[in-house]
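Asks: Please read through the structure below; I'll follow up with questions.
Rule-based calculations on the coordinates, nothing more; no lab input. Fair warning: this is a prediction, and the values are worked out from it, not measured in the lab. Please note: Cβ atoms are built from the backbone with ideal geometry, for glycine as well, and neighbour counts cover all protein chains shown.
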């Protein structure tokens, strides 16, 4: 047995409790009254870093190929390059921390609806047929911020096709969305959402499993004071 | 037919029979012999218990239903449950026989199983014979035994036209037989290939020719213009080839691409039909021949006298009267050579040279399941193995196994020096014949070079050849992670939190008498900042690694592990481990051992890490049902190397067979 094989064997043993892992997906949108704003998307796998670090040393796990650090960085760069070309998007930045396994992408937009095209195009690139699954509209006149969301039906069926072992990866994974405004929030229609003490931000936290299964809907209409 | 199949599958599903008796009926040249020992099986579980078990009930009700009878006991099938039931096969270059020998207690009961309106068995004396409807199998029985044989002709034999001609059989081919049988459309789409791949047309008999000629005309008339054009050009191409044949075969190129081509397709279909018919005739001939052979074989088994497998030493040596079931395969080398013609040219290469018969035995008792496997080696190979295996595990390793906590271990011990010395021989044996005689000198040269370059003695001092890997339980370790907190304005703030992670503590040991090389490596590592040292304990500085790995050398043992505290206690001689007898025996008596103790894992991994309470519950209950599972190699006996795999059954179960039945029942629920 050479050292590499030994290492793999050890990792395999370490991975016995691989059944679950935790990760966070955070989406932050800061809206200005004029309709422009900034977005920060974060994926944080740091709670599972031992497992991720182990998995990264393997070629494949549970039948899936494990991407290399370079491959992940490449994909991230591609995303940045794509965003830079997108209409209404500027100031694109990304960061990646391979010690804690956190990656972020941030950018500014002229109008929040610019994001809608991006999602649509990205989905199309990955050959996912999705119509209006998620969209943002900000009405400057009425000062309403509208997030429309519809669980992608196919996501649920595809997800249910996964092996229990693979599904378990999503146990404990969370999705957080934060919308920040310059004006005060007067109402937020989604009952799962919370308005901050300062009344200038709305947060919604849910588990990714609930989101995939459509148990939680993140649609929201937020009314700002005029 | 269905009833007969059911009857037969019934026999196969039980094995009854210990039999000094029926084994006499197995010819000494049988290739494989499998036995199920009825008396041993029904010692573990009375027939009555079996009938009342979930599996038994299911079997009885299902058979009752399909045979329209009312069975209340497996004894109703007429089989002698106290004797052995056998399967064996016989191979020759032309036919393979698969045979079953089943002891009969009550022939009347058995006959009632296969009885139907057209009772088709014949009787001669007290021997009854029944031929299965498609003549592929024969059943013969009397008041004591039942013999079932099914024979299959070997394709490779009749591919040899000289041999097949002896039996008046022709080997005909249309295209690739398999491709055709699988999908007629493939043939049409690929008609060019079909034309060129017709080497056996000379064999085509009269009916096929006649049909092909008749079909030609109407096809041309019906064809669309395009098809005709295509066909003409095709004709030219095929003309030459077809010259010395009695007829032309016209395969339109574009037959598959439009509906207008139906007539053309019809032609090919007709020709294909003709071919099919011809083939069917040849197949029928083969089948008849197989049947004749089978019949002779069955008569021989039933009434003939011949040398029995009982006189085969290799077979008798493989038996164990405590086994529930046994399997014996005469010789891997023979198996390989007999199937090899179908594999092509490597057939006689003797890849399996040096390997003799193979056996496997299944045991069940009140403690465990055990499968024991053995392989006979050629004498010189056995001698080599003996030299290599002439080492015991370092006794000092045992001090570091904590049986109360250990989740499992794996050990091996070989003599490195002997291994390195014998290695070139194995290489030569395996690849020498593979490469052909011409390579002998080169291989010899390579072997010598290997020995010259390696100082076997010196290597064996650095790595003596024994190693033990043990997991002495789980340990929870605090790890930090980054997450977010949100202020009153939901402004994100990155915070570092800690959580506990459960990781197994492993320890790997190997013996080494000469540390000079290892010490040099360590020095190099320290110099390059790959290794740090504190109180004789070295730590590998590998950023990518999710776990810390420490190592040290003490009393001629090199230790690797991920628990600093364990390393420290080894270093200061403060280990206070107790090893159980089972663990001690496994490790000290065998050259190879493996053990997994699931029970020590139950409840040790926090639910949150398994993926929630429910998953954890399932996980733990599965583990709880598992006893120790272990594997070991046995010392080499004569020319036989063997190994055992055992799985202990949990407490509260009478024996392994009953436990198995309860598992099946649970799984079916």
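Asks: Please find the FRET efficiency linking residue B:499 to residue B:520, where r is the Cβ-Cβ separation and R0 is fixed at 45 Å, and quote it to the nearest 0.05.
Replies: After rounding to 0.05, the efficiency reads 0.65.
Asks: Shifting gears a bit: Roughly how compact is region B:470-568, stated as its Cα Rg over 2.2 N^0.38 Å to two decimals?
Replies: 1.48
Asks: With 10 angstrom as the radius, rank B:293, B:141 by how many other C-beta atoms surround their C-beta, starting from the fewest.
Replies: Lowest to highest Cβ neighbour count: B:293, B:141.
Asks: While we're on this one: Grab the Cα-Cα distance for residue B:69 and residue B:654, subtract it from 0.36 nm times how many residues apart they are, and report the gain in nm with one decimal.
Replies: That works out to 207.3 nm of additional length.
Asks: While we're on this one: What's the average, rounded to a whole number, of partner chain beta-carbon atoms within 10 Å of each residue's beta-carbon in B:488-497?
Replies: Mean partner shielding for this stretch: 5.
Asks: Sticking with this structure for a sec: Suppose R0 equals 25 Å. What FRET efficiency, 1/(1 + (r/R0)^6) with r the Cβ-Cβ distance, do residue B:582 and residue B:320 give to the nearest 0.05?
Replies: Calculated value: 0.70.
Asks: Give the percent of DSSP beta bridges with both residues in region B:465-638 that are antiparallel, rounded to the nearest 5.
Replies: Of those bridges, close to 100 percent are antiparallel.
Asks: Per residue of A:190-198, count partner chain C-beta atoms within 10 Å of its C-beta, then hand back the mean as an integer.
Replies: 2
Asks: Also: So what's region A:50-99 giving for Rg/Rh, alpha carbon basis, Kirkwood Rh from the mean inverse pair distance?
Replies: Rounded to two decimals, Rg/Rh equals 1.12.
Asks: Kindly list the residues of region B:362-405 that lie in the label zone of residue B:555, defined by a backbone N under 19 Å from the point 7 Å along the Cα-to-C-beta vector.
Replies: B:392-404
Asks: Beyond 16 Å, what share of the Cα-Cα pairs of region B:522-604 remains, rounded to the nearest whole percent?
Replies: I get 67 percent for the Cα pairs in region B:522-604 exceeding 16 Å.
Asks: While we're here: Identify the residues of region B:483-510 with backbone N under 16 Å of a label point that sits 7 angstrom from the Cα of residue A:198 along the Cα-to-Cβ direction, or state none.
Replies: B:485-494
Asks: Next question, about the same structure. Per-residue Cβ counts within 10 Å, from other chains only, averaged over B:474-482: what number is that?
Replies: 4
Asks: Contact order normalised by length for region A:41-110, with contacts defined as Cα pairs under 8 Å and 6 or more residues apart; what percent is it?
Replies: 38 percent
Asks: Need one number: nm distance between label points at residue A:148 and residue B:52, each 7 Å from Cα along Cα→Cβ, rounded to one decimal.
Replies: It works out to 6.8 nm between the two label points.
Asks: Then there's this: Sketch the reach of a paramagnetic label on residue B:366 as a point 7 Å from Cα along Cα-to-Cβ, and name the residues of region B:638-665 whose backbone nitrogen lies under 12 Å away.
Replies: Within reach of a label on residue B:366: B:652-656.
Asks: Sticking with this structure for a sec: On full extension of the chain, what length is gained from residue A:78 through residue A:106, given 0.36 nm per residue of separation minus the C-alpha to C-alpha distance?
Replies: 8.7 nm
Asks: Over all directions, how big on average is the projection of the convex hull of the alpha-carbon atoms in region B:465-638, in square nanometres?
Replies: The orientation-averaged projected area of the Cα hull of region B:465-638 comes to 15.9 nm².
Asks: Kindly rank B:515-524, A:217-226 from highest to lowest mean number of other beta carbons found within 10 Å of each residue.
Replies: Packing proxy ranking, top to bottom: A:217-226, B:515-524.
Asks: Here's something else I'd like to know. Treat the count of other C-beta atoms within 10 Å as a stand-in for reagent exposure and order B:63, B:32, A:157 from fewest to most.
Replies: A:157, B:32, B:63
Asks: Can you tell me which of B:558-565, B:462-469, B:633-640 comes out highest on packing, and rank the rest after it, using the mean Cβ neighbours within 10 Å?
Replies: Put in order of decreasing packing, that is B:462-469, B:558-565, B:633-640.
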